[in-house]
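Participant: Sharing a structure with you now.
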Amino acid sequence: MAVSSTPRPLAPYAQDPRHSRGRQRPEPAPTWRSEFQRDRDRIIHSSAFRRLEYKTQVFVNHEGDLFRTRLTHTLEVCQIARTIARALDLNEDLTEAITLAHDLGHTPFGHAGQEALNRSMKEYGGFEHNLQSLRVVDDLEQRYAEFDGLNLCFETREGILKHCSAANARELGDLGKRFLDRTQPGLEAQLANLADELAYNSHDVDDGLRAGLITVDQLEALGLMGRLFAQVRAAHPNLPHRRMIYETVRHMIGEQVADVIRTSAALLADAAPADSDAVRRQPQPLIRFSEAMQAEHVELKRFLFKRLYRHHRVYRMAEKAQRTVAALFRAFMDDIALMPPQQHEQARRLEQERGQAGRARGVADYIAGMTDRYAIDEHERLFNPRRLT
Ligand code: MG
């Protein structure tokens, strides 16, 4: 399918900013930007966005300067999603805003940090990084005179909340409704979700090879990677090893992007939703991989889970990270005055409103906001008696 790379008018099923369900607190329309461009700008100027630079994706920040961080992961997701959005005539600004915000609620130390915090929060409503991303943009960023949070549009918030338990969905009103009704989010949200998976599968292959935790031989036994390595070797038989890997990862992203565009364009042509609300009523997402690519994608995901995320070097670091997060939680939960004054005050306020669960939420908010190095430092300051501050 030939597609132009210059922006064209939105498709009828794209989210038109003029038909947005709006912001929680109504604001005058922006002068120079669309509503979704304004959302994007607020996200980029948030503190949580800047902290992504020092948060783990898979490899802890201090393990090496070339590995992906939460920030570079976010930029890769954004770039992939924008390409697909433009090819399908979806709203690129909304896609950009959702993808830039999608990991704002992530804890330090990647999934290990999230698991540890979830375990610590078990009796207090748990911890989901998705929900935390929403909490960051709805409440925790405090930089505007007239409201807490960033006061983003419904559609951006809808896209940030990828998953949600039924219990949490019930508390989220309009935004949680789709998890109870089992309907779809808008196409831009569907796309952000898929681009996230596409991006991390691809960059984790690259990072895993760089770290020497997985090998080309292992990858060649998999459908997608086997095919791509063979193609690259045939086209460039004398390519140095490192460049062969880069070239293959490049094709890996390209093939998957092309597959999503082809498959989704066909699904959209077939379903022909009249507008973004018709998209939401569909029984299935319309932004998808083909079945064949989906199978290869899952095969690769399983491989990475077993060989990379559970590799003993990653596992040992993850264990350490979990102990750090769990210890911070216990210490702050026992005595919230150990937190800096602003967070202490916030936890005290939440405790007055909601008891122990509120107190725990205040502690979780503080820990979730930490970068890797800040968490390590904070742990050191709390537990090393030789450290004075
Ligand atoms: Mg992500």
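The values are calculated or read from the model by the stated rules, or taken from the named source; none is laboratory data. Nothing here was measured: the structure is a model prediction, and the numbers come from that model. All Cβ positions, even for glycine, are placed from backbone atoms using ideal geometry, and neighbour counts span all protein chains on display. Only protein heavy atoms, including side chains, enter the accessible area calculation; ligands, DNA and RNA are left aside. Shrake-Rupley method; radii C 1.70, N 1.55, O 1.52, S 1.80 Å.
Participant: Out of the stretch 152-175, which residues are acidic (Asp, Glu) and open to solvent by 20 Å² or more (accessible area, probe 1.4 Å)?
Facilitator: Glu171, Asp174
Participant: Among the residues of the stretch 77-89, write down those that are within 16 Å of the ligand (Cβ to nearest atom) and surrounded by 21 or more Cβ atoms within 10 Å (Cβ to Cβ).
Facilitator: Hits for the stretch 77-89 are Val77, Cys78, Ile80, Ala81, Ile84.
Participant: Is it the case that some residue within the stretch 257-279 is under 25 Å from Arg210 (Cβ atoms) and either assigned by TED's automatic domain parsing to the domain that holds Leu191 or at pLDDT below 95 (or both)?
Facilitator: yes
Participant: Moving to a separate point now. From the residues in the stretch 104-122 that are surrounded by 24 or more Cβ atoms within 10 Å (Cβ to Cβ) and under 13 Å from the mean Cα position of the chain (by Cα), which one is nearest to the ligand (Cβ to nearest atom)?
Facilitator: His106
Participant: Now for a separate question. Looking at the stretch 163-175, can you tell me whether even one residue there is among the basic types (Lys, Arg) and over 18 Å from Arg281 (Cβ atoms)?
Facilitator: yes
Participant: Let me ask you something else. Could you list all residues from the stretch 100-121 that are closer than 30 Å to Ala272 by Cα and touching a Lys or Arg at 6+ places or on another chain (Cβ under 8 Å)?
Facilitator: Leu100, His102
Participant: Just to be sure before I move on: is Leu213 in a helix (DSSP H, G or I) and either among the hydrophobic types (A, V, I, L, M, F, W, C) or surrounded by 15 or more Cβ atoms within 10 Å (Cβ to Cβ) (or both) in the structure I sent?
Facilitator: It is false that Leu213 is in a helix (DSSP H, G or I) and either among the hydrophobic types (A, V, I, L, M, F, W, C) or surrounded by 15 or more Cβ atoms within 10 Å (Cβ to Cβ) (or both).
For every residue, the table says whether it meets (1) within 23 Å of Ala321 (Cα to Cα); (2) in the same structural domain as Ile160 (by TED's automatic domain parsing); (3) open to solvent by 30 Å² or more (accessible area, probe 1.4 Å).
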{"site": "Arg8", "(1), (2), (3)": "no, no, yes"}
{"site": "Ala11", "(1), (2), (3)": "no, no, no"}
{"site": "Arg33", "(1), (2), (3)": "no, yes, yes"}
{"site": "Gln37", "(1), (2), (3)": "no, yes, yes"}
{"site": "Ala48", "(1), (2), (3)": "yes, yes, no"}
{"site": "Thr56", "(1), (2), (3)": "yes, yes, no"}
{"site": "Asp65", "(1), (2), (3)": "yes, yes, yes"}
{"site": "His73", "(1), (2), (3)": "yes, yes, no"}
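Participant: Pick from Ser5, Ser46: which is of a type in the set (Gly, Ala, Ser) and either at pLDDT below 95 or within 30 Å of Ile214 (Cβ to Cβ) (or both)?
Facilitator: The conditions single out Ser5.
Participant: Cβ-Cβ below 8 Å, separation at least six or inter-chain, first residue in the stretch 329-352 and assigned by TED's automatic domain parsing to the domain that holds Asp377, second open to solvent by 70 Å² or more (accessible area, probe 1.4 Å) and of a type in the set (Phe, Trp, Tyr): which pairs?
Facilitator: Ala331/Phe383
Participant: State whether one or more residues within the stretch 374-385 are of a type in the set (Phe, Trp, Tyr), touching a residue at least 12 places away in the same chain (Cβ under 8 Å) and open to solvent by 30 Å² or more (accessible area, probe 1.4 Å).
Facilitator: yes
Participant: Search the stretch 190-205 for residues being open to solvent by 10 Å² or more (accessible area, probe 1.4 Å) and away from the ligand (no atom under 11 Å from the Cβ), and hand back the single one that is farthest from Lys301 (Cα to Cα).
Facilitator: Here the residue is Gln190.
Participant: Oh, and also: Which members of the stretch 102-122 meet the condition of being touching a residue at least 40 places away in the same chain (Cβ under 8 Å) and in a helix (DSSP H, G or I)?
Facilitator: Gly110, His111, Ala112, Gly113, Glu115, Ala116, Leu117, Arg119, Ser120
Participant: Give the residue, chosen from Arg18, Arg70, Arg86, that is free of Cβ contacts under 8 Å to residues at least 24 places away in the same chain and not small (Gly, Ala, Ser).
Facilitator: Arg18
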